[in-house]
Amino acid sequence: MKGKTVALLENRVSAQLADLVTKEGGRPFSAPALAEVPDINPADIRKLIHDWESNPIKAVIFQTGVGTRALFNATDSLGITETFQKLLSQSVVVARGPKPTAVLRARGVRIDLSAAEPYTTTEVLAALDPMILRNERVVVQRYGEINVELEQALRARGASVFEIPTYRWALPENTQPMIALLDALEQGKIDAVAFTSASQAHNLFSLAESLGRKEALRTNINKTLVASIGPVCSRALRAHGVNVLLEPRPPKLGPFIAALAQALAK
């Protein structure tokens with residue numbers, strides 16, 4: 001990266017990502033654009049399990065590792081994990097990617113269907129193609145926001161969809177690092193911006209809009225090399241008028257930063 005400055009909007013593994021940039025010879029500029037807020041209601045989980053026992057669920061879709069872990073933590077606290085696991089054994093368990101897969105395996109849950117890379121909604125729906133879902137009940141573990149595309153597609157196939165909130169995404173309490181990024185972009189001090197989720201893009205532009213700096217952000221960010229972790233994130237960025245110049249495969253942090261380093265070296 002030859003001393004190039006790379007803006008990072010990641011919050012969960014920000015230190016790990018910054019370390020990868022540093023090892024590639026770059027200078028990380030950390031501006032976390034997301035906060036994970038717990039959004040799980042134990043009473044709703046208990047009711048879901050109770051209803052499930054008398055009204056079978058055809059498929060359960062686990063979308064994220066964090067959400068899957070939060071769900072099991074909730075059933076642990078309610079003392080109903082054994083019942084939950086038994087019910088899962090009677091349903092088709094779908095894992096969106098390696099992170100929910102790891103949590104499910106640690107809990108001894110059989111996984112019936114797995115989404116292929118890059119682990120987007122498209123691949124989840126493709127994995128479900130062989131299933132007949134008309135008049136069936138499907139549970140979806142929600143991540144930071146409602147997956148409207150997935151929910152609409154499942155309903156179009158005739159399924160009744162029940163989402164389980166586990167956490168939601170919000171702006172960080174301290175938005176000063178994000179404001180500092182807006183300033184640095186305006187001053188031409190950023191060489192590349194790395195987005196690892198669609199919500200980071202939405203939050204950055206939402207903050208800029210509240211400050212009357214949305215158009216300036218769009219202009220300034222397009223003067224940099226914008227890298228996106230995957231297609232969902234890229235679609236969100238393009239919706240905000242951002243030119244995505246790099247979307248590496250596979251959508252993992254190591255290859256992501258390696259590809260970014262290679263692009264900056266050129």
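What the table shows:
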item	result
Helical mean residue ellipticity (222 nm; -39500 (n - 2.57) per DSSP H run of 4+; nearest 500) of the chain	-14000 deg cm²/dmol
Between helix 198-210 and the chain: long-axis angle, C-alpha atoms, 0 to 90°, nearest 10	60 degrees
Using θ = phi - 60° and Karplus 6.51 cos²θ - 1.76 cosθ + 1.60, couplings along region 56-65 (whole Hz; Gly, Pro as x)	x, 10, 6, 9, 10, 10, 9, 9, 9, x
Percent breakdown of C-alpha pair distances by 5 Å bin, ordered from the shortest bin, for the chain	1, 6, 12, 16, 16, 14, 11, 9, 7, 5, 2, 0, 0
Amide proton proximity set for residue 92, modelled H, under 5 Å, gap of 5+	59, 60
Cα-centred dipole magnitude for the chain, charges only on beta-carbon of K, R (+1) and D, E (-1), debye, nearest 20	500 debye
Principal-axis tilt of helix 176-186 within the chain, Cα atoms, nearest 10 degrees	50 degrees
Integer Hz, Karplus 6.51/-1.76/1.60 couplings in order for region 27-35, x for Gly and Pro	10, x, 10, 8, 9, x, 10, 9, 10
193, 66, 94 arranged by Cβ crowding within 10 Å, fewest neighbours leading	66, 94, 193
Tilt relative to the chain, helix 42-54 - C-alpha long axis, 0 to 90 degrees, to 10	40 degrees
Part-to-part distance (alpha-carbon centres) for region 182-257 and region 19-95, which is given in Å	27 Å
Per-residue Cβ neighbour rank within 10 angstrom, fewest leading, 61, 132, 229	132, 229, 61
Selection of GluC sites (Glu not before Pro), region 170-228, meeting DSSP coil and at most 10 other Cβ within 10 Å	173
Residue order, fewest to most surrounding Cβ atoms within 10 angstrom, among 103, 124, 148	148, 103, 124
For region 164-171, Karplus couplings with θ = phi - 60° (6.51, -1.76, 1.60), whole Hz, Gly/Pro x	10, x, 10, 7, 10, 9, 9, 5
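Values quoted throughout were computed directly from the atomic coordinates according to the rules given, and no laboratory measurement underlies them. Owing to the predicted nature of the structure, the values given are computational and were not obtained by experimental measurement. Glycine gets a Cβ as well: all are built from the backbone with ideal geometry, and neighbour counts include every protein chain shown.
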